[in-house]
Amino acid sequence: MYEASIRKSFSAAHTLDIGGKCEDLHGHNFTVDITVRSQDLDSEGLVVDFRILKGWTDDILNELDHTYLNDLPHFKGLNPSSESVARFIFDRIVEKVRNKNITVSKVTVWESNSAWATYRGTESG
Ligand SMILES: [Zn+2]
């Protein structure tokens, strides 16, 4: 099995209903790592063209960049934690790869270089 990953970033603000300082409005320069996989390579010897994967990711991150995450419909009633953001991006990438010969392995969202969360989806592998 092959895996290919890309890294992108966006900036956003949020508040988290978890007590302490995180309840105050604050922002992060989030880094996002997306990994997709395929059993075989395509005719060009790729899992997926990195440019295509980056393009899909840009489309998704544009929805998040310079927003107050708590205000987005997706996060209504949900803490917009790095975990929730990873799940949101994962589900969106899954929509993009539908009908392609690749699977989304995982999405990792870094809110600093010492704190990150990963969503892997429910299928095995
Ligand atoms: Zn935060």
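The values are calculated or read from the model by the stated rules, or taken from the named source; none is laboratory data. What you are looking at is a predicted structure, and each value in this text was computed from that prediction instead of being measured. With ideal geometry, Cβ positions are generated from the backbone for all residues, glycine too; neighbour counts draw on all protein chains shown.
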Discussion item. Among the residues in the stretch 115-124, are any in a loop (DSSP other than H, G, I, E, B), within 16 Å of the ligand (Cβ to nearest atom) and acidic (D, E)?
Written reply: no
Response to the item:
Within the stretch 1-54, residues more than 16 Å from the ligand (Cβ to nearest atom) and exposed (fewer than 12 other Cβ atoms within 10 Å of the Cβ) come out as M1, Q39, D40, S43, E44, G45, R51
Discussion item. It is to be established whether one or more residues within the stretch 67-81 are in a helix (DSSP H, G or I), over 21 Å from Y2 (Cβ atoms), touching a Pro at 6+ places or on another chain (Cβ under 8 Å) and at pLDDT 95 or above.
Written reply: yes
Worksheet item: Pick from V48, V94, V85, V32: which is among the aliphatic types (A, V, I, L, M), assigned to a strand (DSSP E or B) and touching a residue at least 12 places away in the same chain (Cβ under 8 Å)?
Response: V32
Item to complete: Return yes or no: is L72 free of Cβ contacts under 8 Å to residues at least 40 places away in the same chain, surrounded by 13 or more Cβ atoms within 10 Å (Cβ to Cβ), at negative phi and within 16 Å of the ligand (Cβ to nearest atom)?
Response: yes
Worksheet item: All but one of (1) assigned to a strand (DSSP E or B); (2) closer than 18 Å to W116 by Cβ hold for L61; which doesn't?
Response: (1)
Worksheet item: What tally of residues in the stretch 77-91 results from selecting those that are of a type in the set (A, V, I, L, M, F, W, C) and surrounded by fewer than 17 Cβ atoms within 10 Å (Cβ to Cβ)?
Response: 1
Worksheet, complete the sentence: From the option list V104, V94, single residue qualifying as among the hydrophobic types (A, V, I, L, M, F, W, C), in contact with a helix residue (DSSP H, G or I) (Cβ under 8 Å, 6 or more places away or on another chain) and either under 16 Å from V32 (Cβ atoms) or exposed (fewer than 15 other Cβ atoms within 10 Å of the Cβ) (or both) is V104
Discussion item. So V97 passes all but one of these: (1) at pLDDT 95 or above; (2) within 19 Å of R7 (Cα to Cα). Which condition number does it fail?
Written reply: (1)
